[in-house]
Structure formats: C-alpha cells, structure tokens
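Input: a single structure, listed below in structure tokens.
The values are calculated or read from the model by the stated rules, or taken from the named source; none is laboratory data. Model, not experiment: these values are computed from the prediction. Cβ coordinates were reconstructed from backbone atoms using ideal geometry, including for glycine residues, and neighbour counts include every protein chain displayed. Only protein heavy atoms, including side chains, enter the accessible area calculation; ligands, DNA and RNA are left aside. Shrake-Rupley method; radii C 1.70, N 1.55, O 1.52, S 1.80 Å.
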Amino acid sequence: MAEITYLEAIREALTEEMERDPNVFCLGEDIGAYGGAFKVTEGLQARFGDTRVIDTPIAEAAIIGAAAGAAHMGMRPVAELQFIDFISCGYDMLTNYVATARYRAFLPCPMVVRGPSGGYVRGGPFHSQNPEAAFLHTPGLKIVYPATAADAKGLMKAAIRDDDCVLFFEHKYLYRRVKDVMPAGDHVVPIGKARVAREGTDVSIITYAATVWKALEAAAQLEREDGISVEVIDLRTLLPMDDEAIAATVRKTNRVMIVHEDTRTGGIAGEITARINETCFEWLDAPVLRVTAHDVPLPYSPPLEDYVLPQVSDIVAVARHLARY
Amino acid sequence: MEFPAQPLDLDAMLAFTPRSERDVPRVARPYADQLTREQRLALYRHMRMTRSLEERLVALYRQTKVVGGLFRSLGQEADAVGSAFALERRDIMSPLIRNMGSMLVKGATPLEILRQYMAKGDSPTRGRELNIHFGDLDRGFVGQISHLGDMIPVMAGIALSFKLRGEDRVVLVYIGDGATSTGAFHEGINFAAVQKVPMVVVVENNGYAYSTPTGRQTAANSFMDKAVGYGITGAQADGNDVLAVYDVTRAAVERARAGGGVTLIELITYRRKGHAEHDNQSYVPDGETEWWAANNDPVDRFIAWLRERDGVTDDELAAIDAAVSAEIDAATDLAEASPMPEPLDGLEGIYAEPPRLAPHWYRAGVRTAVEQHERPAGWGTHDG
Ligand SMILES: Cc1ncc(C[n+]2csc(CCOP(=O)(O)OP(=O)(O)O)c2C)c(N)n1
C-alpha cells in the first residue's frame, strides 16, 4: 500500500466518514470547488454535492455557531477555518456557547472545528498561530493535534464520531512533509491517548505536533553525539491529557523537558509541569524544563522566526543540561 | 450638501464597455472636474507605479526573493488610487492587501514595500510583518492585520477621536466584498453610524473573495443597499474609472468633514489575478478575466481619457513611465542590498518599556540555566 501525506490522510478520513454517516457534512470558506486554501477538501464537493460541502461567507462566528445548531439536531458538522488564526473570531461561540451547552442545557455539540495551525513556514503573525492553550483552559472542549499522517486520519475519524466538540489542529508544516502507509480497515485512533514516539531511558521529551519531529531529530543527535538515550512522548490529544503516559515516562527517565511551539507564559508546558510536580515529584532528578517559543507574536522574517521558534539545537542544549544535572 | 454620485447598474456596466469619457453617460462630477491637469497626471503616475511595482514584485517572487505570498491588485488600480487621492494629508486611511496604490498615494515608498516583501531588517516593520502590512500615522495610514473586518471598528475609533477633539479630519477604511460578511464589519460600521463619526467605508466589490463569488457571500442585490440598514448614506461607482472613484469618494469625504457622518461606497471592479500568486483561478469562468483585461482595464481607460480630454501626448506618458521604472530599479537595488534582521531584534518592542525578560538561556548560548537573567551584549539598546 502506498504512503499518503498528513493532508491526504485528513481528506481520506473526511471522505470515509461522510460515506459512512449521512449526518456528516463540511462547511467553511472556499472548501467547495476550490477545495480549501490548502486543498484538504479537494474533490469532496464533486463527490458529495454542495449541500454536504458548503462554501460559507467569511464569518467564523456564524460557521461555528451554525455548526453547533446543526449538531444539536444530530448532524455531525466539520467546520474548516481557513487558518486556525481566525478561530479568534469564533472564540465567543466556542468558549461561551459550545463549551457550556451540554453542562448547562443538556445540548450535545458533536462537531469538529479544524484548521491549519502552526509556524515554521514564514507565515507572519496571523498565519502561524498555535491557539491551543486558549482552549485548554475551557472545560467542555476537546483538543487534538496530531504529528503523523496515520494519527491525522485516525484521530479525525475519532473526532467526527465523538459526541462533543473537538478542536482539531492540523500542522501546516506537516501537511505535505510527513507520510505514512494507512493501517488497513476502519482506522480510528482513540482521543486522549498519548504515543511513545521513541523509547529512551535518560531524558524524556513531552511534545506534540510539529515539534515531535524536532524532538526526534534532537534525540537521534543526542544518541549519536552524547550517548544520551531520549524518550519522546507525542501527546496527540491535549484535552483530555494522557496523565498516565506522562507519569510513566517521568518514572522511567526521571528527567523531563516539555517542548512546544506556542509561547511560554501561560502555555501548555506550564500546565504539564504542574501536573508532574503534583503527582511525580519523588521521581524527578532535575527540574522540569521547557523549550518553547519566546513570548512575542510570531515574526515573519526568516532570521526572526528561526530565533523565536524552538529549534533542534535548543532541544539538544536543554537535554544535555538535563542529562548532566 | 447634495450627494452627486449616481448609482450604476452593474448589468448595464458589464454589457457596456466604456473606453473613454465620450462613451460614458455624462454624469456630474463636480470634484473630478476641479482636478488640474497636473493632478490627473499624478493619478496616472500612481496607477502606473502600482502596476509596475507589482510586476517587479512578481519577478522577485519568481526568483524566490519575496518571502511569503504575493497579492496583486491588477485591474483595481483605479479603485485604490482614486479613492485615496480624495483624502487630505491629515486624513487617515486603512488599506487592505489590494490597496498598495492607496498607500503610494499616501506617501509609502516603493523601497519600503520592496523591503517589506523581502523581509528585510530595515523594512518598515523590521521584518516582523509581511507584504503591505505596515503603517505610518504621520503619513496617514494604519497597518492592517490579517483578520478581515477588524480594521472597521478600529478606524471608527480613530474617527471618533477626531470628532471628540473637534479635529477637521476624516477616516477612510477599505473592506472587500467578502470581508463585509464578518461580525467586526457590522459592529464597527453600526457603531460609527450611531456616533455619526467622520468615516468613509469603501467596499471594493471585485467579484470574488478568494474563490467565493459575490453571490455566495451576500444575498443582497448590492453592497450599497446595506447602507440603508445602518442609516447611513450609500453610493456606488465604477471602480475602474479613476475619476469616478475620485469623485464619489471626495463627495463622501466632504460630507464626513461637514458633520454628515458615515458613507458606504461600493466600487464595482474586478480582481484579474487569483487571490494570491499561487492561486490559478480555476473557479473563474472562461474568458472572464480576459474580458476585463481587454475591455475594462483602468489604466488603459485613463490613458484614453488623458489623450482625448487633456491632450496628453505619448511622450508625456512615456516620460512618466520611464521615471516610474527608474525609481523601481533604484529601489530594487537598495532593497536587495538591505540586510536581514538580527535575530534578537525579534524579541524587542512588545511593550513600551525595553524588554525585561532575557532571551531563553539556551538560545543565548549561555551554558547554565542560572545565567538566564543576563542580557546578551547589545540587546535591548534601542527602542522598539
Ligand atoms: C476573519 C478572517 N477569515 C478568513 C480570512 C482568510 N482570508 C484572507 S483574504 C480572504 C478573502 C477576502 O476577500 P475580500 O474581502 O472580498 O477581498 P479581496 O481579496 O477580494 O480583495 C479570506 C477568506 C481572513 N483573513 N480573516
């Protein structure tokens, strides 16, 4: 079987789920004939018609709010945001309406909000964001952010079948760069389960999305140059977070760093650090360290973007420091 | 004051191909008629600069010297240039991605634009922002963000400050046909209308929002109609006729200056290139862009007008074109020679105060975590 890209894997998941369940439909800007800004939905409108693949006006609050309404009625909407940065225009809908609907009004919101996220592509401050931390703080939403093509497919299928609202972040740097052979059959990856991307014994790197690949590259270099054995944990789902997988790796290596692309202050790495402190303190031989973006809006120019975002060399430097600690 | 603009019938306009003033039904253009020949040549020069500079950017883009995407305004030069030309120097305008022409009118230079597109350290945003996302309040334009519609409330606030302080200044804000669908557009224009601030909103109806045709964006017959709902004045003009654009905008600006509140102007134009250079426009019906290129090019139309009505000679036009080319050549050389930004410069300018946090220790090349509070030499020494 041939390998397909992360992007094609998402399209395959959408196609299979639309075929399986007539309640699944897609809506978003330019997703129809054009196939979406990144071509994730290419061909879907030709196949399923323009009532199941709906081009919307530029109105993120309307897209998310309407998806919620349809979801209340048993539909399974998949809303695309052209860039995840524009989720901010639907923030009120997501955090106030969607996230609270089941709790306060017994209204289910089985819907997916998906979109290209992340940097390393010279997209400047408004086409590179990683807004997951803003939603991690909102009970009622689920957050998925895959790093591999197989996970992109399996998690998308799980997200569509999930009975709650899943924010599905797709890393645009990975769209065409990573590939997998898809597992045969109905490939569904459970939401909430982390993955050991590489086994190791000296230092753990807990990460997700594009920085999984940076961590793997760093791990290979550390093995080669320093003989340090690095374990890499790919969280895959950020909310709910796989605390067991985190605890297991802490107990194994006793030295942990968290790597993410989003900025540091108030970020997800801080949350993970606190959880480790609370439950695994006795197992630590070193402080938990963070490798993240600097606390600035993401700049456009290559030397600036390279400096602000975490790089392999940063991960290597911190891992060496931890191993020596 | 009597509002002079006549609403145009889009169907009639599309069927009918005006090439010169002689062919166009004669409408009153009290403001455009007052322009001097010199001012009309300045309009031509700005339109030529817009087109030629974008052509240069395309060449640089193909050589991968442009970092990021390239967004053309081919076919919309009259809309951008004619409307901005209606402002006084003290007025403030907020451009969109297809308003490079408006920025040139407001005094942005080709060198700034080239450096910005090439992500250079001496670009107006020092490499932080891309394409024409930059502003300069002294010259009267505000840097936009990508989030469509967001500039409408912001510009309403600028206009509100003019009103509160009794300043004789006006705000002009551009919005695409697609972006009128956003919540921010509605909230901002409604607020401006209620406050009766001196604001002109130019809706550039260029037929498409990315791949989405206008009919999928709004069920309204025209954008001008929306003015009724906000309780403001609406107007419409042929966006490919630079003098008509100037006239309708100038009338709205004068109305705003005189305390007449907000005007919504719909300019009918056409986006002849894709959303950006990477977009092959597969969604556009065959022959459509070609029709506009052949029959309704704003530069060609204005040249015909200048020849017939102002007696402008080929030599005069060639001299302007040559001066524009020379300026672009010189600016390109300078921009190419410009340095890329220094990495640490990316950490400055977040707050008014110089930065307090040091770079993460592992970036600064410092060996231990303890030293993370030391600033590297030369960092944070100039204002952001
Ligand atoms: C809130 C928001 N949603 C989506 C986008 C992505 N986007 C950028 S430009 C564009 C189309 C804009 O169309 P229009 O307003 O008609 O302007 P035009 O490009 O035609 O000049 C879209 C959807 C955005 N920038 N902001």
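In segment A:38-59, what residues are out of contact with any Ser or Thr (no Cβ under 9 Å at 6 or more places or on another chain) and open to solvent by 20 Å² or more (accessible area, probe 1.4 Å)?
A:Phe38, A:Lys39, A:Glu42, A:Gln45, A:Ala46, A:Gly49, A:Asp50, A:Thr51, A:Arg52, A:Ile54, listed by residue number.
Which one of the conditions (1) away from chain B (no Cβ under 14 Å); (2) under 23 Å from A:Phe25 (Cα atoms); (3) surrounded by 24 or more Cβ atoms within 10 Å (Cβ to Cβ) does A:Lys172 fail to meet, given that it meets all the rest?
Only one criterion in (1) away from chain B (no Cβ under 14 Å); (2) under 23 Å from A:Phe25 (Cα atoms); (3) surrounded by 24 or more Cβ atoms within 10 Å (Cβ to Cβ) is unmet by A:Lys172, namely (1).
For segment A:262-315, enumerate the residues that are open to solvent by 30 Å² or more (accessible area, probe 1.4 Å), in a loop (DSSP other than H, G, I, E, B) and under 30 Å from B:Val67 (Cα atoms).
Scanning segment A:262-315 gives A:Arg264, A:Thr265, A:Asp295, A:Pro297, A:Gln311.
Applying the selection to segment A:209-225, what residues are open to solvent by 10 Å² or more (accessible area, probe 1.4 Å) and not in a helix (DSSP H, G or I)?
Scanning segment A:209-225 gives no hits.
Can you confirm whether A:Val121 is β-branched (Val, Ile, Thr) and buried (at least 24 other Cβ atoms within 10 Å of the Cβ)?
So A:Val121 fails the test.
For residues in segment B:47-68 being open to solvent by 30 Å² or more (accessible area, probe 1.4 Å) and within 14 Å of chain A (Cβ to nearest Cβ), which is farthest from B:Ala331 (Cα to Cα)?
Checked segment B:47-68; the qualifying residue farthest from B:Ala331 (Cα to Cα) is B:Gly68.
Taking segment B:151-163, which residues are surrounded by 24 or more Cβ atoms within 10 Å (Cβ to Cβ) and within 16 Å of the ligand (Cβ to nearest atom)?
Answer for segment B:151-163, where residues must be surrounded by 24 or more Cβ atoms within 10 Å (Cβ to Cβ) and within 16 Å of the ligand (Cβ to nearest atom): B:Met151, B:Ile152, B:Met155.
Tell me the residue from A:Arg275, A:Arg264 that is touching a His at 6+ places or on another chain (Cβ under 8 Å) and basic (Lys, Arg), please.
A:Arg264
Can you tell me how many residues in segment B:248-292 are in a helix (DSSP H, G or I) and either open to solvent by less than 10 Å² (accessible area, probe 1.4 Å) or hydroxyl-bearing (Ser, Thr, Tyr) (or both)?
Residues meeting the conditions: 7.
Give A:Ala105, A:Ala101, A:Ala194 a once-over and let me know the one that is farther than 22 Å from A:Glu80 by Cα, open to solvent by less than 40 Å² (accessible area, probe 1.4 Å) and out of contact with any strand residue (DSSP E or B) (no Cβ under 7 Å at 6 or more places or on another chain).
A:Ala105
Output the residues belonging to segment B:206-244 that are away from chain A (no Cβ under 13 Å), open to solvent by 30 Å² or more (accessible area, probe 1.4 Å) and assigned to a loop (DSSP other than H, G, I, E, B).
Residues satisfying the conditions are B:Asn221, B:Met224, B:Asp225, B:Gly231.
Scan segment B:307-315 and give yes if some residue there is in contact with a Gly (Cβ under 9 Å, 6 or more places away or on another chain) and under 24 Å from B:Glu54 (Cβ atoms), otherwise no.
Scanning segment B:307-315 turns up no residue that is in contact with a Gly (Cβ under 9 Å, 6 or more places away or on another chain) and under 24 Å from B:Glu54 (Cβ atoms).
May I ask you to say which residue of A:Ile54, A:Ile84, A:Ile63 is in contact (Cβ under 8 Å) with a residue 40 or more places away in the chain, closer than 23 Å to A:Asp163 by Cα and of a type in the set (Val, Ile, Thr)?
Criteria check complete, one pass: A:Ile84.
Taking segment A:1-32 as the search range and keeping residues that are in a helix (DSSP H, G or I) and not charged (D, E, K, R), which one is farthest from the chain's Cα centre (by Cα)?
A:Met18
Tell me whether segment A:46-57 contains one or more residues that are within 28 Å of B:Ala276 (Cβ to Cβ), facing chain B (nearest Cβ under 10 Å) and part of a strand (DSSP E or B).
The answer is yes; a qualifying residue exists.
Limited to segment A:167-190, what total is found for residues that are touching a strand residue (DSSP E or B) at 6+ places or on another chain (Cβ under 9 Å) and over 30 Å from A:Gln311 (Cβ atoms)?
2
Restricting the search to segment B:320-343, which residues are within 14 Å of another protein chain (Cβ to nearest Cβ) and open to solvent by 60 Å² or more (accessible area, probe 1.4 Å)?
Result: B:Pro339, B:Met340, B:Glu342.
Here is a list of conditions, (1) closer than 22 Å to B:Gly215 by Cα; (2) within 14 Å of chain B (Cβ to nearest Cβ); (3) in contact (Cβ under 8 Å) with a residue 40 or more places away in the chain, and A:Phe38 meets all of them except one; can you say which number that is?
Looking at each condition in turn, A:Phe38 falls short on (1).
Could you check, for segment B:194-205, whether at least one of its residues is surrounded by 24 or more Cβ atoms within 10 Å (Cβ to Cβ), within 14 Å of chain A (Cβ to nearest Cβ) and in contact with a Cys (Cβ under 8 Å, 6 or more places away or on another chain)?
Taking every residue of segment B:194-205 in turn, none turns out to be surrounded by 24 or more Cβ atoms within 10 Å (Cβ to Cβ), within 14 Å of chain A (Cβ to nearest Cβ) and in contact with a Cys (Cβ under 8 Å, 6 or more places away or on another chain).
Scan segment A:234-241 and tell me whether some residue there is open to solvent by 10 Å² or more (accessible area, probe 1.4 Å) and either in a helix (DSSP H, G or I) or among the polar types (S, T, N, Q) (or both).
No: segment A:234-241 contains no residue that is open to solvent by 10 Å² or more (accessible area, probe 1.4 Å) and either in a helix (DSSP H, G or I) or among the polar types (S, T, N, Q) (or both).
How many of the residues making up segment B:164-212 are more than 16 Å from the ligand (Cβ to nearest atom) and of a type in the set (Asp, Glu)?
2
For (1) in contact with an Asp or Glu (Cβ under 6 Å, 6 or more places away or on another chain); (2) away from chain B (no Cβ under 14 Å), each residue gets a yes or a no:
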| site | (1), (2) |
| --- | --- |
| A:Glu261 | no, no |
| A:Ala269 | no, no |
| A:Trp283 | no, yes |
| A:Val291 | yes, no |
| A:Asp295 | no, no |
| A:Pro302 | no, no |
| A:Asp306 | no, no |
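Enumerate the pairs (first residue in segment B:201-216 and hydrophobic (A, V, I, L, M, F, W, C); second residue anywhere and near the ligand (Cβ under 6 Å from one of its atoms) and at pLDDT below 95) with beta-carbon separation below 6 Å, excluding pairs fewer than 6 apart on the same chain, so at least 6 apart or on different chains.
Going by the 6 Å Cβ cut-off, there are no qualifying pairs.
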